[in-house]
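**Q** Let me give you the structure first, and then I'll get to my questions.
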Amino acid sequence: MDLNRLRVLVAVARTGSVTAAAEALHYAQPSVSHHLARLEAEAGLPLLQRAGRGIRLTEAGRLLATRAEEILGQVESVHAELAAHAGLRAGRVRLAAFPSALATVVPPAAARLATDHPGIELALTEAEPPEALTALRNGDVDLALIFEHGVTPAADRRAIRTTTLLTEPRYLVTPRERNWDGPREALATYAGERWIAGCPRCRTHLLDACRQAGFTPEIAFETDDYVAVQSLVAAGLGVSTLPGLALLASRDPRIRLDRLPGDERQVLAATYGNSAPSLPVQALLMAFGQTCHGQVWP
């Protein structure tokens, strides 16, 4: 299949119309329609169907558009790697990482990369793991830092390769001055307290851990800002849990930390595809390995 035609299909899927796709690609509208017609002939299946005055992708069209994004992303990566080998440029790495990693392990790794390979251009994007993996598959980034709890991988790891950078402990976060009736490091001790948790997608691990401890937590406040979580706890408005990187990034002196036994999450570096990463990506992976080795926790 012609790559330009795949780009046209992806543009139609992203913009929702032939006209908008033509504007995004700086093509004439008849040219976009021609490419789509040729692509349907190559696929042997209808990819578009009329929907009122507009169009929408068929099931086959949606499938091909999803795969086309991945193919085009890999082609971009190949071009970058060949360019680096040919000496046309030193190379670049586009990195997506979650907030606490951006505040802790990313800066020293980036500094190490700049020292060891001053010609490599590094671009940083903040993204939670699901969005980072989507960007990786779409070719919008070259490397993604993600995290996972326990040993169960994310639901969709198709063509994703990962390297474990570190294992991160989790902590109970409680007001420093308050006394508790029960073990400070046991979730069940706080069954009757109000809890501060992340967004509905992010609090799944907390809910599962509390359920295993025999209770359902009362979620009083919702925020993914680890600085705000600590301030709310310090003010006596609830208790919470936080991972080690968040506490390395910022720690309020008014809180107490108790490490949760056996509760850890893995921080992983993810690349896409079965081939070896590009040389610039390999250089950044090495910088992360050196940065994360021997990490000391609160």
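**Q** Being surrounded by 16 or more Cβ atoms within 10 Å (Cβ to Cβ), over 15 Å from V105 (Cβ atoms) and at pLDDT 95 or above narrows it down to one of A246, A234, A228, A270, so name that one. Outline the logic, then answer.
**A** Working: A246 fails: over 15 Å from V105 (Cβ atoms); A228 fails: surrounded by 16 or more Cβ atoms within 10 Å (Cβ to Cβ); A270 fails: over 15 Å from V105 (Cβ atoms).
Step by step, each of A246, A234, A228, A270 is checked, and only A234 is surrounded by 16 or more Cβ atoms within 10 Å (Cβ to Cβ), over 15 Å from V105 (Cβ atoms) and at pLDDT 95 or above.
**Q** Could you pull out every one of the helices (runs of 4 or more DSSP H) wholly within the range 183-298 that has 2 or more residues that are among the aromatic types (F, W, Y) and more than 30 Å from V78 (Cβ to Cβ)? I'd like the intermediate steps shown before the answer.
**A** Working: elements: 204-212, 226-234, 244-249, 279-292.
Fully inside the range 183-298 and qualifying: nothing.
**Q** Also, I was wondering about something else. Quick check on Q74: is it polar (S, T, N, Q) and open to solvent by 80 Å² or more (accessible area, probe 1.4 Å)?
**A** Details: polar (S, T, N, Q): yes; open to solvent by 80 Å² or more (accessible area, probe 1.4 Å): no.
No; evaluated as a whole, the condition is false for this residue.
**Q** Would you mind finding the one in L63, L57, L95 that is modelled with pLDDT of 90 or more, surrounded by 17 or more Cβ atoms within 10 Å (Cβ to Cβ) and more than 19 Å from the chain's Cα centre (by Cα)?
**A** Details: L63 fails: surrounded by 17 or more Cβ atoms within 10 Å (Cβ to Cβ); L95 fails: more than 19 Å from the chain's Cα centre (by Cα).
After ruling out the rest, the residue left standing is L57.
**Q** Right, here's the next one. Conditions: (1) open to solvent by less than 30 Å² (accessible area, probe 1.4 Å); (2) of a type outside the set (G, A, S); (3) at pLDDT 90 or above. E264 meets all but one. Number of the miss?
**A** Every condition holds for E264 apart from (1).
The values are calculated or read from the model by the stated rules, or taken from the named source; none is laboratory data. As the structure is a computational prediction, the values presented were derived from the model and not from experiment. Glycine also receives a Cβ, built like all others from the backbone with ideal geometry; neighbour counts cover every protein chain displayed. These area figures cover heavy atoms from the full protein model, side chains too; ligands, DNA and RNA do not enter into them. Shrake-Rupley method; radii C 1.70, N 1.55, O 1.52, S 1.80 Å.
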